[in-house]
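Undergrad: One structure is given below, represented as structure tokens, and several questions about it will come after.
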Ligand code: PHE
């Protein structure tokens, strides 16, 4: 068997053969005629194909290849041979041999015994019966490794009951010891390509100092630039799906003339989160099961006293045409700090601020930011999420205005078909749940909540009579999951987000 040839020689032999014969019908046979592993020839073939020096057709066949165990034997010899070599003329103890051979000891002992190379005495002694052994199995394994025709033929015969008998023993051993497995392999049939040459010129890739000094750059042939090459990935930002949809929604609000409310207060008082919104102090949403209350600081001291007094009145005994709730309102309850459960707390602050201005001016406000609810986490719920909120305040707004604005807003988001269902919020009357027809799911899905803020909320703030506020809220996660076909919220937000997915979304690309 010839020693492995350097790839330049393999290339030379291949090109010379093609030049003389016009074709190589079977790359495997050619590799074995050169005495090189098919893998090495394949590398050469791929290179020549890229330069269109040759052309190829795949030949898909099944062939026997070595298992990992057998590859090791092919490289380093078989364990039974190592065993015999380890036994001195006077014999050795099993324990000593086991120590010497390690993991393969049992296999080695079994096969050496089968080959009658050893004798095992009654005690612990192992004697060898041969002077030395030739590693014929190793030779055979190498022939399999090189894809030699004859061995492949024999292995094939072994599969057929009619021809099995004539197969020589060593081949049978290969299968019995599970040293070979069948694998789909691709060989090639080769012919000359349009750029065929017998000897490939090495093309220069750079002009070096030596080229300039000797002047031979004038005669050099340069390798073409590969303008299609991908290049190194560059370190740039990636867009998180939530942020992408957030930006789209933000743009819709801006196009519709809304301005953003400051939402940089995750910690809020119960007063702004609930009381200002005419939410009674016994309301179940105020329960610690639904709301995260703060331990430190547990309460706030900064509440507007005048306004607070009015809120207390409206809860206890009503006013502005309302009967109120008729319970004993407690400042302690209003002072409790919490993680805001909705951004409507921010809307309340903004409307109060607006009411303090000397002259009322109509406003359109929006916000998109984080809110917190003490919820059991599942595939559609997290304990924190983002809320989108929009409101318009002006004289004489009606439910018709609300429906019209919602239809405009959601159709810009790609949800033109809406339906509304009467609902209840302590701070809006009337209130409507918003449903949109999902073309993909072929059903109506709930997408938000809306309503007209109650006079019990607006009038204590000091907004002029006749001013109405239409408002709506929705989560950012839900439309994002629908738009981007993500079915588990934990893949969208939080520590389980798959970073590789995000890395597939570069923020911007420089186009050509
Ligand atoms: N705050 C409401 C919620 O948490 C949403 C909403 C906002 C409803 C404004 C009506 C008006 O779902």
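Undergrad: Could you tell me the relative contact order of the chain? Use alpha-carbon pairs under 8 Å, at least six residues apart, and round to a whole percent. Before the final figure, lay out each step's value.
TA: Working: 768 pairs, mean separation 67.6, N = 512.
Normalised by residue count, the contact order of the chain is 13 percent.
Undergrad: Calculate how steeply helix 7-21 sits against the longest principal axis of the alpha-carbon atoms of the chain, using the helix alpha-carbon long axis, and give the answer as 0 to 90 degrees to the nearest 10.
TA: It is inclined by approximately 70 degrees.
Undergrad: Right, something else. Using only helices, what value at 222 nm comes out for the chain when you add -39,500 (n - 2.57) per DSSP H run of length 4 or more and divide by the total residues, to the nearest 500 deg cm²/dmol? Intermediate values should be presented prior to the final figure.
TA: Working: 20 runs with 187 residues, N = 512.
Result for the chain, helices only: -10500 deg cm²/dmol.
Undergrad: With the cut-off at 1.5 for a/c, could you classify the range 354-425 from its C-alpha gyration tensor as rounded, prolate or oblate? Could the numbers behind the result be given before it?
TA: On the way: a/c = 2.26, a/b = 1.39, b/c = 1.62.
Oblate, because a/c is 1.5 or more while a/b does not exceed b/c.
Undergrad: Where the centre of each part is set by its Cα atoms, how far does the range 179-210 sit from the range 429-470, in angstrom?
TA: Cα centroid to Cα centroid, the span is 70 Å.
Undergrad: Based on other C-beta atoms within 10 Å, arrange 133, 428 from fewest to most.
TA: Working: 133 18, 428 24.
In increasing order of surrounding Cβ atoms, one gets 133, 428.
Undergrad: Ranked from highest to lowest mean number of other Cβ atoms within 10 Å per residue, what is the order of the peptides 345-353, 357-365? Don't skip to the answer; put the middle values down first.
TA: Numbers: 345-353: 21.2, 357-365: 11.8.
Peptide ranking by packing, descending: 345-353, 357-365.
Undergrad: Another one. Using Cβ counts within 10 Å as a stand-in for footprinting exposure, how do 507, 452 rank, fewest first? If you can, show how the numbers build up before the last one.
TA: Details: 507 11, 452 21.
The most exposed by this proxy come first: 507, 452.
Undergrad: Post the alpha-carbon centroid distance, the range 249-308 to the range 70-131, in whole angstrom.
TA: When both Cα centres are located, 81 Å separates them.
Undergrad: Further, regarding this structure: By the gyration tensor of its Cα atoms, with a ≥ b ≥ c the square roots of the eigenvalues, what is the shape of the range 313-378: rounded for a/c under 1.5, prolate for a/b over b/c, or oblate?
TA: Values: a/c = 2.26, a/b = 1.09, b/c = 2.08.
Oblate shape, in that a/c is at least 1.5 and b/c is the bigger or equal ratio.
Undergrad: Ok, one more. How do 310-322, 158-170 rank on mean C-beta neighbours within 10 Å, highest first?
TA: Working: 310-322: 16.7, 158-170: 11.3.
The packing order, highest mean first, is 310-322, 158-170.
Undergrad: Compute the angle between helix 136-145 and the longest alpha-carbon principal axis of the chain, please, reported from 0 to 90 degrees and rounded to the nearest 10.
TA: Computed tilt is about 50 degrees.
Undergrad: Show me the ranking of peptides 57-69, 144-156 by mean Cβ neighbours inside 10 Å, starting with the highest.
TA: 144-156, 57-69
Undergrad: Next up: Just rank 78, 393, 508, fewest to most, by other beta-carbon atoms within 10 angstrom.
TA: Details: 78 27, 393 24, 508 8.
Neighbour counts put them in this order, fewest first: 508, 393, 78.
Undergrad: Sticking with this structure for a sec: Measure nothing but the geometry: give the 0 to 90° angle between the long axis through the Cα atoms of 305-316 and the longest principal axis through the Cα atoms of the chain, rounded to 10°.
TA: 90
Undergrad: Assuming 0.36 nm per residue, please report the length gained on full extension of the stretch residue 131 to residue 199 beyond their Cα-Cα distance.
TA: 19.3 nm
Read-outs: derived from the displayed coordinates by stated rules, not from any lab. Note that the coordinates shown come from a computational prediction; the quantities given were computed from them, not determined experimentally. Cβ atoms come from the backbone with ideal geometry, glycine included; neighbour counts cover every protein chain shown.
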